[in-house]
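Here's the structure, in structure tokens; my notes come after.
Read the figures in this text as sums done on the coordinates, not as results from a lab. If you're wondering where the values come from, they're calculated on a predicted model, not measured in any experiment. Note: ideal-geometry Cβ built from the backbone for every residue, glycine included; neighbour counts use all protein chains shown.
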Amino acid sequence: MGDRGVGVATRPADQRVDDQPVLPNYDGACVSNVMDVLIEDPDDPPQWFPAGVAGARQIVLLVLDGLGWEQMQQRSHLLRGLTSLEAAPITTVAPTTTATALTSIATGLPPGEHGVIGYRMSVDDDILNVLRWSTSRGDARELIPPESIQHDVAFGGQRPPVVVRAEFRDSGFSRAHLGGCRHVPYRMPSTLVAEIRNQLALGEPFVYAYYDGVDKVAHEYGLGEFYDAELVFVDRMVEYLVDMLPSGTALVITADHGHVDVGPNVILPDPAVLAHVDHQSGEGRFRWLHAHEGAAADLLAAATERHGDVAWVVSRDQVLDECWFGPKVLPGPLSRLGDVALVAREPIAFEDPNDTGPFELQGRHGSLTSAEVMVPLLVARA
């Protein structure tokens, strides 16, 4: 995974660094508010929402995992379909990670209320990997029932059809964020389009669909030629879907986060920092450090000194005061937060030896840079 020493990453020429974290706009143009517009009052959308949705008889919400606004703009010359749609940039939530953002999209709530406050969360003296719904003891669906972590209803309780990959149908995370919905499984991108068309033909007023190819390619290959090829493929898939929409239908497209090209720039927290750490949660670009009892202040000081040049080093109190997870954080979600967060500002990730996967991640997300926070909100109207 490259150099595990402490250092400053080499930054791609087109990848800028933000001076301050870009905070989600929970009061307005944010993915956590998209569902409310579509379910409750699509005929009178707020100013930040593309107006093409007004008056639609049927609505499809398609979430393209990993499609950031900045990455889309940088490749606009490749994307004839996506760039032809009515478009606006909006923010995702914090952290900029799939588990948290998809739950906000489905429930219409900020993370501090729905409680899925990261990809790996501290729950019951263990670390829950939300996407796998597993802990160090294995499958956690019985030990930690998904409904005990996230019990808010999805899509206002309307139980719409949700077109998602077949392998996600019975997962713990699907139970947590799509509980009560009618699952319509698909296996290939072509069948994703066909299943959406079939649900519309049945007269469904609202259809939710999710595609994860962009995110998978970015993670495995970074933001180079393979990523560009995947975006072109998705662009053509969207064109095909738009051509199949019944008259009077609106297709709304958004995403859960963008990406940063990190490559091998993965570093271990400094030993002077780890000396105060009991365990870690979160992910590489939003790493929560849980302090030994009574060591939170020393941990914050050490982390700021050792990593303040490459990350926003923030205490739990600062995160709460600045409403990173929304205007309120309920007791359950609060109990899952660490004491200090390393939120990567440079294109790096912080390693936790217990946070492993099937391959070395190239593209990453989780932090609050504009490349990760800003996502598209697109509307096509048939």
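For residue 194 and residue 334, calculate 0.36 nm times their separation in residues minus their Cα-Cα distance, and state this gained length in nm to one decimal.
Gain on extension, residue 194 to residue 334, equals 46.2 nm.
Among 191, 91, 304, rank each residue by its count of other Cβ atoms within 10 Å, from fewest to most, as a rough exposure measure.
Listed from fewest to most nearby Cβ atoms, that is 191, 304, 91.
Would you order 22, 262 from fewest to most other beta-carbon atoms within 10 Å of each residue's own beta-carbon?
22, 262
Tell me which residues come under 5 Å, amide H to amide H, from residue 206 once H is placed; ignore anything under 5 positions away on its chain.
HN-HN under 5 Å from residue 206: 59.
Tell me, what is the FRET efficiency for residue 47 and residue 239 to the nearest 0.05, using R0 = 41 angstrom and their Cβ-Cβ distance as r?
FRET efficiency, residue 47 to residue 239: 0.90.
Along the three principal axes, how long is region 269-382 when you take its alpha carbons, biggest first, rounded to the nearest angstrom?
Principal-axis extents of region 269-382 (Cα, largest first): 60, 35, 27 Å.
List every residue whose amide H lies under 5 Å from the amide H of residue 265, counting only residues 5 or more places away in sequence or on a different chain, with H placed 1.01 Å from N in the peptide plane.
Correct list: empty.
Along region 310-317, what does the Karplus equation 6.51 cos²θ - 1.76 cosθ + 1.60 (θ = phi - 60°) give for ³J(HN,Hα), rounded to whole Hz, x for Gly and Pro?
So the Karplus estimates, Gly and Pro as x, are 10, 8, 7, 9, 10, 7, 4, 4 Hz.
Only bridges with both residues in the chain count here: give the DSSP antiparallel percent, nearest 5.
Around 60 percent of the beta bridges assigned by DSSP in the chain are antiparallel ones.
When a/c reaches 1.5 or more, the comparison of a/b and b/c decides; with that in mind, is region 20-98 rounded, prolate or oblate per its Cα gyration tensor?
Oblate, because a/c is 1.5 or more while a/b does not exceed b/c.
Between residue 74 and residue 142, what FRET efficiency comes out of the Förster formula 1/(1 + (r/R0)^6) with R0 = 45 Å and r the beta carbon distance, rounded to 0.05?
0.50
Charges at C-beta only: +1 for Lys and Arg, -1 for Asp and Glu. How large is the resulting dipole of the chain about its Cα centre, in Debye rounded to 20?
Using only the charged Cβ atoms, the result is roughly 960 debye.
What residue among 279, 168, 101 has its Cα farthest toward the positive end of the dipole of the chain, where the charges are +1 on Lys, Arg and -1 on Asp, Glu, each on the Cβ?
Of the options given, the answer is 168.
In whole Hz and in residue order, list the ³J(HN,Hα) couplings for region 278-295 that follow from phi through the Karplus curve 6.51 cos²θ - 1.76 cosθ + 1.60, θ = phi - 60°; x for Gly and Pro.
7, 7, 10, 9, x, 8, x, 9, 8, 9, 7, 10, 9, 6, 4, 3, x, 10
So between residue 226 and residue 167, what do we pick up on full extension, going 0.36 nm a residue minus the alpha carbon distance?
18.8 nm
Treating the beta-carbon of each Lys and Arg as +1 and of each Asp and Glu as -1, no other charges, what is the dipole magnitude of region 266-364 about its Cα centre, to the nearest 20 debye?
Charge dipole, region 266-364, about its Cα centre: 320 debye, nearest 20.
For residue 305 and residue 151, calculate 0.36 nm times their separation in residues minus their Cα-Cα distance, and state this gained length in nm to one decimal.
Length difference between fully extended and current span is 51.5 nm.
Which of the helices in the chain meet the span-like rule: DSSP H, Cα axial reach of 20 Å or more, Kyte-Doolittle mean at least -1.0?
Qualifying helices: 225-244.
Could you compute Rg(Cα) / (2.2 N^0.38 Å) for the chain, with N its residue count?
0.95
Is region 135-290 best put as rounded, prolate or oblate by its Cα gyration tensor, with a ≥ b ≥ c the root eigenvalues, rounded for a/c under 1.5, and otherwise prolate when a/b is larger than b/c, oblate when not?
Oblate shape, in that a/c is at least 1.5 and b/c is the bigger or equal ratio.
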